[in-house]
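The values are calculated or read from the model by the stated rules, or taken from the named source; none is laboratory data. Note that this is a predicted model, so its numbers are computed, not measured. Counting neighbours? That spans all protein chains shown, and the Cβs are built from the backbone with ideal geometry, glycine included. Areas reflect the complete protein model, heavy atoms only, side chains present, ligands, DNA and RNA absent. Shrake-Rupley method; radii C 1.70, N 1.55, O 1.52, S 1.80 Å.
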Amino acid sequence: MKKVTVGLIAVFLVSMFVVAGETADVEKEKVAIQQVIESAYRDGLLNVGDVEAMKKGFHPGFTLIGINRDGEDIWTLPLYRWIKSTEKKKADGKFPPKEKVTLKFPFIDVAGTAAVAKILFYKGDKHVYTDYMSLYKFTQGWQIVAKTYYL
């Protein structure tokens, strides 16, 4: 009986260390994901117009997915068009914007090399969008692959 109890305690302690290690890894990944979103999206696209930061943080196959006003159909915007729009805004002197965007992260969920982040998008004190970003971890790190949102 003592051997079984000691064995169970050992298994329990080992599993606690494994879970603690996995939790630390997931928390580290969440920080990396938040940094990618802040650099590529908040700063690159919205506050600074840094196209190189966008190219680093968004996967070339990225697609923004929106819903039409009728609520029946979707539209898409590929990354290259978003970059082109950002370059035009920068050339037209629209950076930095009058009111900078801030983001809040209610949650980031990570499962291996896939993740999703819920982001609250603010201009000043006004909550403008709720974004949902999907990311994958590639050999070069986390990149944003898709975005849906609610206005």
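Work through the residues other than Phe121 whose Cβ is under 14 Å from its Cβ and net out their charges, Lys, Arg +1 and Asp, Glu -1. Could you put the intermediate results ahead of the total?
Working: positive: Arg42, Lys100, Lys104, Lys118, Lys123, Lys126, Lys147; negative: Glu38, Asp43, Glu99, Asp125, Asp131.
That sum, taken over residues with Cβ under 14 Å, equals +2.
Within the straight-line cut-off of under 27 Å between alpha carbons, the lysines reachable from Lys137 are Lys28, Lys30, Lys55, Lys56, Lys84, Lys104, Lys118, Lys147, sequence neighbours fewer than 8 places apart in one chain being disregarded.
Does region 52-92 come out rounded, prolate or oblate by the C-alpha gyration tensor, with a ≥ b ≥ c the root eigenvalues, rounded set by a/c under 1.5 and, if not, prolate when a/b is larger than b/c and oblate if not? Kindly include the intermediate steps, with their values, before the conclusion.
Values: a/c = 3.88, a/b = 1.68, b/c = 2.30.
Oblate shape, in that a/c is at least 1.5 and b/c is the bigger or equal ratio.
Projecting the Cα atoms of Met133, Tyr41, Gly66 onto the charge dipole of the chain, computed from C-beta unit charges around the Cα centre, puts Tyr41 farthest toward the positive end. Can you tell me the orientation of helix 79-91 relative to the chain, as the angle in degrees between its alpha-carbon axis and the longest Cα principal axis, to the nearest 10? Between the helix axis and the principal axis of the chain, the angle is about 50 degrees. Relative to the longest principal axis of the Cα atoms of the chain, the long axis of helix 2-36 makes an angle of roughly 10 degrees.
Highest mean packing comes first when the peptides 41-51, 68-78, 121-131 are listed by Cβ atoms within 10 Å, giving 41-51, 121-131, 68-78. Surface exposure of the chain, expressed per residue as accessible area with a 1.4 Å probe, stands at 66 Å². Share of the chain's accessible area from carbon and sulfur, percent, 1.4 Å? So the carbon and sulfur contribution to the accessible surface is 59 percent.
Can you give the extra length, in nm with one decimal, that the chain gains between Ala91 and Lys55 once fully stretched, where that is 0.36 nm per residue apart less the Cα-Cα distance?
Working: separation 36, 0.36 × 36 = 12.96 nm, distance 1.78 nm.
Net length gain for the segment: 11.2 nm.
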